[in-house]
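The values are calculated or read from the model by the stated rules, or taken from the named source; none is laboratory data. Just so it is clear, the structure is predicted and the values come from calculations on it, not from any experiment. Positions of Cβ are backbone-derived with ideal geometry, glycine not excepted, and every protein chain shown enters the neighbour counts. Ligands, DNA and RNA are excluded from the accessible area calculation, which covers all protein heavy atoms including side chains. Shrake-Rupley method; radii C 1.70, N 1.55, O 1.52, S 1.80 Å.
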Amino acid sequence: MIQVPHLEWHVTHSCNFRCEGCGHYTNDGYKQNITLETLREWYLLWNRRIRPRELSLLGGEPFLNKEIVDIIYMTKEVWDIQDNQEYELVSNGLLFDRVSGVSKALIDTNCILTITKHSEDENYLRLFDKAICKINSSGVSYRVHDGVSTWMKVYDGCGSSIEPIGSNSYQDSWNNCPTGQENFQLLDGKIYKCAALAYLPLQKQKYGEALSKKWDPYLKYRPLLPTDSDLDALEFFTRTAESVCSLCPKDTNLFKKTNPLQAPK
């Protein structure tokens, strides 16, 4: 099998947050869950061809998907995740107890819960701290990721007005990659270099011709297909900088976003 550093995918495009500059574009009000059976179909296209060191369930907000408990168990089984691999679910934490059985599923599958902290706003922190208390009492293994001081903007605007910040040096952009250069995305059975490329077509489907023409070169990106050869797959996973990397800025573009509980303006 081809060894892959990190593979992740949305279990939903929906989110209860509206994080300014979300690199997955889920701040745009999508209402779409990925079903258990659809995910299984995606997995079976790749589970005997690649071996990810890390596997991540995310969104959107995973706990908005009512099938999340079954998804946690099924993912562990189909990918045959072993102790030398890392299995995680990434969440903002506020809906942790929305679906019954989540704690047991995470513990049974040795799936780590990664909670992203998004803001220092007082109203947000009250909800965040309440969620952490619930998670602490559940016995689930978790960690907190700093999404306050490490938030990087890859585009300006919101909704149909978004435009890529862009770069005149795709190599510099790659060197400064906000995903750490290895967050491959599984979507519709295809594998993409990063989230910004994978989920951009959702924006095109939603806004059509209203979406800036500056996105057109990136909408032409070709992901890795299940029908591609093993040699093609090996080349894909070892490829470094390429022209589409110019979607992102070449310099660190960190900023503190507004309260994620409010829609960006």
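Quick rundown of the values:
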quantity	calculated
Filtered residue count, region 207-254, keeping only those that are open to solvent by 40 Å² or more (accessible area, probe 1.4 Å), under 22 Å from P164 (Cβ atoms) and not in a strand (DSSP E or B)	17
So E77, is it among the charged types (D, E, K, R) and within 18 Å of the chain's Cα centre (by Cα)	no
Residue, farthest from the chain's Cα centre (by Cα), within region 176-193, restricted to residues that are free of Cβ contacts under 8 Å to residues at least 60 places away in the same chain and under 13 Å from H10 (Cα atoms)	K190
So L94, is it over 19 Å from T26 (Cβ atoms), within 19 Å of the chain's Cα centre (by Cα) and surrounded by 17 or more Cβ atoms within 10 Å (Cβ to Cβ)	no
Top-ranked residue in region 163-182 [being in contact with an Asp or Glu (Cβ under 7 Å, 6 or more places away or on another chain) and modelled with pLDDT of 95 or more; ranked as surrounded by the most Cβ atoms within 10 Å (Cβ to Cβ)]	Y170
Residues being under 17 Å from the mean Cα position of the chain (by Cα), assigned to a strand (DSSP E or B) and surrounded by 16 or more Cβ atoms within 10 Å (Cβ to Cβ) - total across region 29-53	2
Boolean, L261 is over 18 Å from Y170 (Cα atoms) and touching a strand residue (DSSP E or B) at 6+ places or on another chain (Cβ under 6 Å)	no
Residue match in region 114-125 (condition: surrounded by fewer than 16 Cβ atoms within 10 Å (Cβ to Cβ), within 19 Å of the chain's Cα centre (by Cα) and under 22 Å from Q185 (Cα atoms))	no
Condition check for D70: assigned to a loop (DSSP other than H, G, I, E, B), farther than 27 Å from G23 by Cβ, open to solvent by 70 Å² or more (accessible area, probe 1.4 Å) and modelled with pLDDT of 95 or more	no
Matching residues, region 217-265, being closer than 29 Å to G147 by Cα and hydroxyl-bearing (S, T, Y)	Y218, Y221, T238, T240, S243, S246, T252, T258
Residue match in region 120-136 (condition: within 30 Å of I50 (Cα to Cα) and either part of a loop (DSSP other than H, G, I, E, B) or modelled with pLDDT of 95 or more (or both))	no
Subset of region 84-104 that is in contact with a strand residue (DSSP E or B) (Cβ under 7 Å, 6 or more places away or on another chain) and not in a strand (DSSP E or B) - its residue that is nearest to T258 (Cα to Cα)	N92
In region 151-172, residue farthest from N253 (Cα to Cα) [restricted to those that are touching a residue at least 40 places away in the same chain (Cβ under 8 Å) and among the charged types (D, E, K, R)]	E163
Unique match (being in a helix (DSSP H, G or I) and either buried (at least 21 other Cβ atoms within 10 Å of the Cβ) or without any contact (Cβ under 8 Å) to a residue 40 or more places away in the chain (or both)) among I107, I81	I107
Pick from region 145-155, criterion farther than 16 Å from D216 by Cα and part of a strand (DSSP E or B), ranking: most open to solvent (accessible area, probe 1.4 Å)	H145
Count - residues of region 194-206 that are surrounded by fewer than 21 Cβ atoms within 10 Å (Cβ to Cβ) and either without any contact (Cβ under 8 Å) to a residue 24 or more places away in the chain or assigned to a loop (DSSP other than H, G, I, E, B) (or both)	3
